[in-house]
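What follows is a single structure, written as structure tokens, with notes after it.
Here, each number is a calculation from the coordinates, and none is a lab measurement. Remember, predicted model here, so these are calculated numbers, not experimental data. Every residue, glycine as well, gets a Cβ built from its backbone with ideal geometry; the counts of neighbours run over all protein chains shown.
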Amino acid sequence: MLKEEMKEKDIPVMTEVKSSNIEKIGHDSEGKNLYIFFKGSGLYRYGNVTLEEFELLKKSESVGKAFHSTIRIFGAKYPCVSITIIKES
């Protein structure tokens, strides 16, 4: 898996969700990137995610199940990058 560093200020607005595995999600519509902060494992970015796909994910009854069935299983379509957050003082 690819890894990248990202300044905290460059991370899009994240929305908290009710999930046993996912803490919050966000979307960068300009770059078509989905950001997911997983409980216990940190921030990941998934590419090629449209705003419509993000909205459906956000509105789903189970965000975790929706993520696994629509994005995670199609890894080639939605490339994943592990993000290390750089905090600025």
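Applied to segment 59-71, the Karplus parametrisation 6.51 cos²θ - 1.76 cosθ + 1.60 on θ = phi - 60° returns per-residue 3J(HN,Hα) values of 8, 5, 5, 10, 4, x, 5, 5, 4, 5, 8, 10, 10 Hz, with x for Gly and Pro.
Quick one, can you get me the convex hull of the C-alpha atoms of segment 12-54 expressed as volume per residue in Å³?
Cα convex hull per residue, to the nearest whole number: 64 Å³.
I need the fraction of alpha carbon pairs in the chain separated by more than 24 Å, rounded to a whole percent. That tail contains 11 percent of the Cα-Cα pairs. Under 19 Å from a label point 7 Å along Cα→Cβ of S62: give me every residue in segment 17-35 with its amide N that close. Under cut-off, by backbone N: 17-25.
Quick one: go through segment 34-57 and flag any residue whose amide nitrogen is under 20 Å from the point 7 Å out along the Cα-to-Cβ line of A76. Within reach of a label on A76: 46-50.
Shown in residue order for segment 31-44 are the 3J(HN,Hα) couplings computed by the Karplus curve 6.51 cos²θ - 1.76 cosθ + 1.60 at θ = phi - 60°: x, 6, 10, 9, 10, 10, 9, 8, 5, x, 10, x, 9, 9 Hz (x for Gly and Pro). A straight Cα-to-Cα reach below 20 Å connects K3 with the lysines K24, K32, K39, K77, K87, residues fewer than 8 places away in its own chain not being considered. Entry note, the chain: relative contact order of 36 percent, from Cα contacts under 8 Å with a spacing of 6+ residues.
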